[in-house]
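Asker: Let me begin by handing over the structure; questions about it come next.
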Amino acid sequence: MKAIRSIDDIREKVRSLKKEGSTVAFVPTMGALHEGHLSLFRLAQEHADEVVASIYVNPEQFAPDEDFEEYPRELENDLAKCEEEGIAAVFAPTDDIMYSGKQYLSIEIDELNEYMDGGSRPGFFEGILLVVNKLFNIIKPDFAVFGQKDIQQFRILQQMVKEFNHDVELIMGPIKRANDGLALSSRNKYLDDEQRKLAPGLYRSLQYVGKQISDGAKNVQLLLDHQKNELEAKGFKIDYFNLFSFEDMIPIEDPEAGSKYILAGAVYLGETRLIDNIIIEK
Ligand code: AMP
């Protein structure tokens with residue numbers, strides 16, 4: 001299987017799929033594909049006749065002090081996986097193709113990126129919105145599949161589709177985990193043996209707090225603070241570990257029955273940043 005580099009070529013490919021009467025689901029990725037990505041491909045195949053993937057490490061969503069240069073790039077390996085999964089086409093553009101010439105425009109986000117990853121990574125979601133907006137205009141898929149792992153991304157993209165009138169249905173895939181509960185991530189490759197053993201502790205803490213909240217625990221802040229201390233004592237550095245409203249993704253202290261929440265954490269083990277979340281329906 002070969003990657004399609006040019007915008008004209010991928011457009012032509014998608015056009016020919018649609019001409020044959022196929023519906024198309026799109027799964028954007030940054031590559032270094034793992035079982036989490038593959039689970040999204042399979043979910044996409046349940047919704048559409050053909051699946052198109054993209055593999056592109058988008059420079060616009062990395063801050064200068066982040067791991068853009070080190071981010072794992074394994075195109076040949078990834079293409080073999082895509083072929084095995086029956087992916088119809090893989091769009092893997094270069095930076096010159098995606099951002100050709102001087103760029104005059106950008107997208108701004110209000111409020112939805114104030115907390116969680118948006119609060120910790122200025123410019124991150126603006127970069128994602130820009131690239132996904134471009135990718136949607138290039139691929140013009142009927143469906144697009146994204147992971148719950150990046151739940152704030154999903155919520156902001158939902159809003160983009162609604163406000164910018166993209167003609168695409170978004171689908172959220174559940175988080176694929178290793179046997180010990182660690183959410184699969186291309187960045188797990190950075191963990192050394194000791195860090196890898198510690199890493200599932202984040203999910204265990206989320207599960208523990210999530211159960212207490214679902215069972216009606218009163219003092220959520222105390223619970224969160226206690227878990228944060230436990231995680232820190234184990235060697236995690238906490239970026240955030242908090243309960244957020246599902247719609248607006250703002251911190252919540254007193255969850256109400258009948259509402260939906262995101263319990264989410266971002267932690268560092270050494271230099272490696274891990275994120276995870278669970279959805280709580282009270
Ligand atoms: P990335 O390559 O990290 O940009 O991720 C591409 C897509 O895969 C995004 O929609 C992610 O939310 C999703 N994804 C990443 N990790 C997982 C996972 N462990 N399970 C399911 N989906 C995932």
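Asker: Within region 157-175, track down each residue that is β-branched (Val, Ile, Thr) and either within 12 Å of the ligand (Cβ to nearest atom) or within 10 Å of the chain's Cα centre (by Cα) (or both).
Answerer: Within region 157-175, the subset β-branched (Val, Ile, Thr) is 161, 168, 171, 175.
Within region 157-175, Ile171, Ile175 meet the criteria.
Asker: Tell me, which residue of region 241-280 that is in contact (Cβ under 8 Å) with a residue 24 or more places away in the chain and of a type in the set (Gly, Ala, Ser) is most open to solvent (accessible area, probe 1.4 Å)?
Answerer: The first filter runs over region 241-280 and keeps only residues in contact (Cβ under 8 Å) with a residue 24 or more places away in the chain, leaving 241-244, 246-258, 261-280.
Retained after the next criterion (residues that are of a type in the set (Gly, Ala, Ser)): 257-258, 264-266, 270.
Working: Ala257: 91, Gly258: 73, Ala264: 2, Gly265: 0, Ala266: 0, Gly270: 54 Å².
Within region 241-280, the match that is most open to solvent (accessible area, probe 1.4 Å) is Ala257.
Asker: Moving on. Hey, does region 115-124 have a residue that's touching a residue at least 40 places away in the same chain (Cβ under 8 Å), open to solvent by less than 30 Å² (accessible area, probe 1.4 Å) and either within 13 Å of the ligand (Cβ to nearest atom) or touching an Asp or Glu at 6+ places or on another chain (Cβ under 6 Å) (or both)?
Answerer: Among the residues of region 115-124, at least one is touching a residue at least 40 places away in the same chain (Cβ under 8 Å), open to solvent by less than 30 Å² (accessible area, probe 1.4 Å) and either within 13 Å of the ligand (Cβ to nearest atom) or touching an Asp or Glu at 6+ places or on another chain (Cβ under 6 Å) (or both), which makes the answer yes.
Asker: Need the failing condition index for Ile238 against (1) under 23 Å from Ala178 (Cα atoms); (2) assigned to a helix (DSSP H, G or I); (3) open to solvent by less than 50 Å² (accessible area, probe 1.4 Å), just the number.
Answerer: Exception for Ile238: condition (2).
Asker: In region 27-75, which residues are small (Gly, Ala, Ser) and either open to solvent by 40 Å² or more (accessible area, probe 1.4 Å) or within 21 Å of Met98 (Cβ to Cβ) (or both)? Outline the logic, then answer.
Answerer: From region 27-75, those small (Gly, Ala, Ser) are 31-32, 36, 39, 44, 48, 53-54, 63; that's our starting set.
Passing the criteria: Gly31, Ala32, Ala53, Ser54, Ala63.
Asker: Go through (1) within 13 Å of the ligand (Cβ to nearest atom); (2) in contact with a strand residue (DSSP E or B) (Cβ under 9 Å, 6 or more places away or on another chain); (3) hydrophobic (A, V, I, L, M, F, W, C) and name the single condition Phe62 misses.
Answerer: Going through the list (1) within 13 Å of the ligand (Cβ to nearest atom); (2) in contact with a strand residue (DSSP E or B) (Cβ under 9 Å, 6 or more places away or on another chain); (3) hydrophobic (A, V, I, L, M, F, W, C), Phe62 breaks only (2).
Asker: Mind listing whichever residues of region 125-152 are within 12 Å of the ligand (Cβ to nearest atom) and not in a helix (DSSP H, G or I)?
Answerer: Ala144, Val145, Phe146, Gly147
Asker: Additional query: Could you look through region 92-111, keep only residues that are hydroxyl-bearing (Ser, Thr, Tyr) and within 22 Å of the chain's Cα centre (by Cα), and pick out the one that is least open to solvent (accessible area, probe 1.4 Å)? Steps first, please.
Answerer: Filtering region 92-111 down to residues hydroxyl-bearing (Ser, Thr, Tyr) leaves 94, 99-100, 104, 106.
Adding the requirement that they be within 22 Å of the chain's Cα centre (by Cα) leaves 94, 99, 106.
Details: Thr94: 61, Tyr99: 30, Ser106: 100 Å².
Once the filter is applied, the top-ranked residue is Tyr99.
Asker: Scanning region 176-201 for residues that are within 16 Å of the ligand (Cβ to nearest atom) and part of a helix (DSSP H, G or I), which turns out most open to solvent (accessible area, probe 1.4 Å)? Quick ask: steps written out before the conclusion?
Answerer: As a first pass, look at region 176-201 and keep what is within 16 Å of the ligand (Cβ to nearest atom): 176-191, 196, 199-200.
Applying the additional criterion that residues be part of a helix (DSSP H, G or I) yields 186-190, 196.
Working: Ser186: 7, Arg187: 46, Asn188: 27, Lys189: 116, Tyr190: 76, Arg196: 73 Å².
Looking at the filtered set, the residue picked out is Lys189.
The values are calculated or read from the model by the stated rules, or taken from the named source; none is laboratory data. Quick caveat, the model's predicted, so the values are computed rather than measured. Cβ atoms come from the backbone with ideal geometry, glycine included; neighbour counts cover every protein chain shown. For accessibility, only protein heavy atoms count, side chains too; no ligands or nucleic acids. Shrake-Rupley method; radii C 1.70, N 1.55, O 1.52, S 1.80 Å.
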